[in-house]
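> Here it is: the structure, laid out below.
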Amino acid sequence: MIDPRLLRDEPDRVRASQVKRGASPDAVDDALAADAARRSAIAAFEERRAEQKAFGKLVAQAKGEEKQALLEQVKALAAEVKELEAAQGVAEEAWSNALKAIPNVVADAAPTGGEDDFVVVEEVGTPRDFAAEGFTPRDHIELGRMLGAIDLERGAKVSGSRFYFLTGVGAELELALVNLAMEQARNAGFTQVIAPSLVRREAMEGTGYLDQGGGEDIYRIEGEEMYLVGTSEVPMAAYHSQEILDASSLPRRYASFSPCFRKEAGSHGKDTRGIIRVHWFDKVEMFVYTTLEQAADEHQRLLAWEREFLDKLELAYRVVDIASGDLGASAIRKFDCEAWIPTQGKYRELTSTSNCTDFQTRRLDIRGRFTATDSTPATTGPIATLNGTLTAITRTIVAVLETHQQADGSIRVPAALRPWLGGREVLTPVTS
């Protein structure tokens, strides 16, 4: 959630952020009203509670009829205090809900607008000219069939639409991509993690994912307050929940592998063929805890690591700065890297990185312990979280297959992947 002091001290800034997101600024006024009601409820309860304590002392000193009269007053006052305490609890919950309804305050540098109003930061590499090479490129579905790498029919038979099997070199490609990603992360100083894909409600709420469309894309385990995650950002954000981290240990960088699950509830009719938009995929996600002062620089570092990985795969891609109306609730700014998909003739998202500042850590009760300086005492305070995709397997496989295909349906293996594929330079079709 946002800093309550920011809401109280700079409400116009928060209203402007709401407008920039395309959201109602009324949420700010609702939260301010809830804050005022909460403070009033606290004051009323504390006033009566103090009066109750004072009467208790008088009763202890009184005798006879005076004591009996005071006891009657204390009884009535106790009932009132109980009611005021309950009212305070209701006001506290209303305040908390109103504050949680406000997404993070968008960075000034983020472009304004909706899904199509992103800004292209840079284009890297040149898409292949297949016409000049004398053949028409095959899509990943046909290439996957020829290689014996992707089995969509049996995926649908076993699990339904938007599921698949990776078989043979398809499975090998996934493991190669995961190993390459983890190797890069390890060399960059990340701690490798295998994260759970099932989390409690507190973790999902803490990351802001239940705020987005009411969680319509999230799988929930019926009968339990457990959820299947759509990204290991969720368990990694909750990893240090209710902890105080020594600021000298920051940044703490984790590279987490996990299966990811998404209902794709809002994607009816979109990418129904193939493995671009699926209900389950595996991913290696970078997650960082750092200071608020270092968050913006760390965001650029995460983007650089994503670009390094795409460069290793020898892909043509572009970097885009996502517009404010397309940001998740927790992010103040987000960059996507989109790879060129030859048979679609357009760029498609492969990775994204978001700066969430202290939005998630406030919800999850994560703070930093900052040592004293000559001018400031030792203190605890908010810290930032950031996330960045290193590889989302299915889309990366699509980009690799389509980009590096040859006329006979074979696939030239990028040099960086070869050590993880037994040194093979080419993946050869098993069927024509």
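> Would you point out which residue out of N355, N387 is assigned by TED's automatic domain parsing to the domain that holds E205, in contact with a His (Cβ under 6 Å, 6 or more places away or on another chain) and of a type in the set (S, T, N, Q)?
N355
> Residue by residue through the stretch 277-302, note down the ones that are surrounded by fewer than 23 Cβ atoms within 10 Å (Cβ to Cβ), under 30 Å from L421 (Cα atoms), of a type outside the set (F, W, Y) and touching a residue at least 60 places away in the same chain (Cβ under 8 Å).
Matches in the stretch 277-302: R277, V278, H279, D282.
> Could you say whether any residue in the stretch 132-143 is closer than 21 Å to T272 by Cα, at pLDDT 95 or above and either loosely packed, with under 15 Cβ neighbours inside 10 Å or in contact with a Lys or Arg (Cβ under 7 Å, 6 or more places away or on another chain) (or both)?
yes
> Residue check: is T351 out of contact with any Lys or Arg (no Cβ under 9 Å at 6 or more places or on another chain), at pLDDT 95 or above and either of a type outside the set (F, W, Y) or surrounded by fewer than 22 Cβ atoms within 10 Å (Cβ to Cβ) (or both)?
No: the conditions fail for T351.
> Would you mind stating whether P419 is of a type outside the set (A, V, I, L, M, F, W, C), over 19 Å from K334 (Cβ atoms) and assigned to a helix (DSSP H, G or I)? Explain how you work it out, then say what you get.
Values: of a type outside the set (A, V, I, L, M, F, W, C): yes; over 19 Å from K334 (Cβ atoms): yes; assigned to a helix (DSSP H, G or I): yes.
Here the answer is yes, as P419 does meet what is asked.
> Now for a different question. Looking at K263, is it surrounded by 14 or more Cβ atoms within 10 Å (Cβ to Cβ), modelled with pLDDT under 95 and on the phi < 0 side of the Ramachandran plot?
yes
> When the residues of the stretch 159-177 are narrowed to those that are surrounded by fewer than 19 Cβ atoms within 10 Å (Cβ to Cβ) and over 16 Å from G274 (Cα atoms), which ends up farthest from the chain's Cα centre (by Cα)?
Within the stretch 159-177, the match that is farthest from the chain's Cα centre (by Cα) is G168.
> Turning to a different aspect of this structure: Just one of (1) of a type outside the set (K, R); (2) modelled with pLDDT of 95 or more; (3) surrounded by fewer than 23 Cβ atoms within 10 Å (Cβ to Cβ) trips up F370, so point out which.
Every condition holds for F370 apart from (2).
> Also: Suppose we filter A247, A255 for residues that are of a type outside the set (S, T, N, Q) and over 15 Å from the mean Cα position of the chain (by Cα); which single one remains?
Being of a type outside the set (S, T, N, Q) and over 15 Å from the mean Cα position of the chain (by Cα) holds for just one of A247, A255, which is A247.
> If you don't mind, there's one more thing I want to ask. Within the set of pairs 6 or more residues apart or between chains, which connect a residue that is over 15 Å from P196 (Cα atoms) inside the stretch 214-227 to a residue that is at pLDDT below 90 and loosely packed, with under 10 Cβ neighbours inside 10 Å with Cβ atoms less than 9 Å apart?
From residues that are over 15 Å from P196 (Cα atoms), the pairs are E216/G266; D217/G266.
> Answer with yes or no whether S232 is in contact with a Cys (Cβ under 9 Å, 6 or more places away or on another chain), touching a residue at least 24 places away in the same chain (Cβ under 8 Å) and under 18 Å from S352 (Cβ atoms).
In short, yes.
> Provide a single number: the residues in the stretch 360-388 that are more than 15 Å from V234 (Cβ to Cβ) and not in a loop (DSSP other than H, G, I, E, B).
Count: 10.
> Kindly list, by first and then second residue, each pair from a residue in the stretch 343-360 that is among the basic types (K, R) to a residue that is not in a helix (DSSP H, G or I), limited to pairs with Cβ atoms under 6 Å and residues at least 6 apart or on different chains.
Within 6 Å, the pairs are R348/E338; R348/I341.
> Further, regarding this structure: Any residue at all in the stretch 97-116 that's buried (at least 17 other Cβ atoms within 10 Å of the Cβ) and touching a Pro at 6+ places or on another chain (Cβ under 7 Å)? Full working, then the answer.
Initially, the stretch 97-116 is screened for residues buried (at least 17 other Cβ atoms within 10 Å of the Cβ), giving 98-107, 110-111.
Narrowing the set further to residues that are touching a Pro at 6+ places or on another chain (Cβ under 7 Å) leaves 99.
Yes, because at least one residue in the stretch 97-116 is buried (at least 17 other Cβ atoms within 10 Å of the Cβ) and touching a Pro at 6+ places or on another chain (Cβ under 7 Å).
Every residue, every condition in (1) in the same structural domain as N387 (by TED's automatic domain parsing); (2) outside any helix (DSSP H, G or I); (3) within 22 Å of G325 (Cα to Cα), yes or no:
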site: E183; (1), (2), (3): yes, no, no
site: G189; (1), (2), (3): yes, yes, no
site: Q192; (1), (2), (3): yes, yes, no
site: P196; (1), (2), (3): yes, yes, no
site: V199; (1), (2), (3): yes, yes, no
site: E202; (1), (2), (3): yes, no, no
site: G223; (1), (2), (3): yes, yes, no
site: T231; (1), (2), (3): yes, yes, yes
site: Q242; (1), (2), (3): yes, yes, no
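> Being surrounded by fewer than 22 Cβ atoms within 10 Å (Cβ to Cβ), in contact (Cβ under 8 Å) with a residue 60 or more places away in the chain and over 24 Å from A171 (Cα atoms) is true for just one of P377, P382. Which residue is that? Step through it out loud before you land on a result.
Working: P377 fails: in contact (Cβ under 8 Å) with a residue 60 or more places away in the chain.
The match here is P382.
> Another one. Would you say S241 is surrounded by fewer than 18 Cβ atoms within 10 Å (Cβ to Cβ), in contact with a helix residue (DSSP H, G or I) (Cβ under 6 Å, 6 or more places away or on another chain) and over 25 Å from T394 (Cβ atoms)?
Working: surrounded by fewer than 18 Cβ atoms within 10 Å (Cβ to Cβ): yes; in contact with a helix residue (DSSP H, G or I) (Cβ under 6 Å, 6 or more places away or on another chain): yes; over 25 Å from T394 (Cβ atoms): yes.
Yes: the conditions hold for S241.
The values are calculated or read from the model by the stated rules, or taken from the named source; none is laboratory data. On a predicted model such as this, the values are computed, not experimentally measured, just so you know. Glycine gets a Cβ as well: all are built from the backbone with ideal geometry, and neighbour counts include every protein chain shown.
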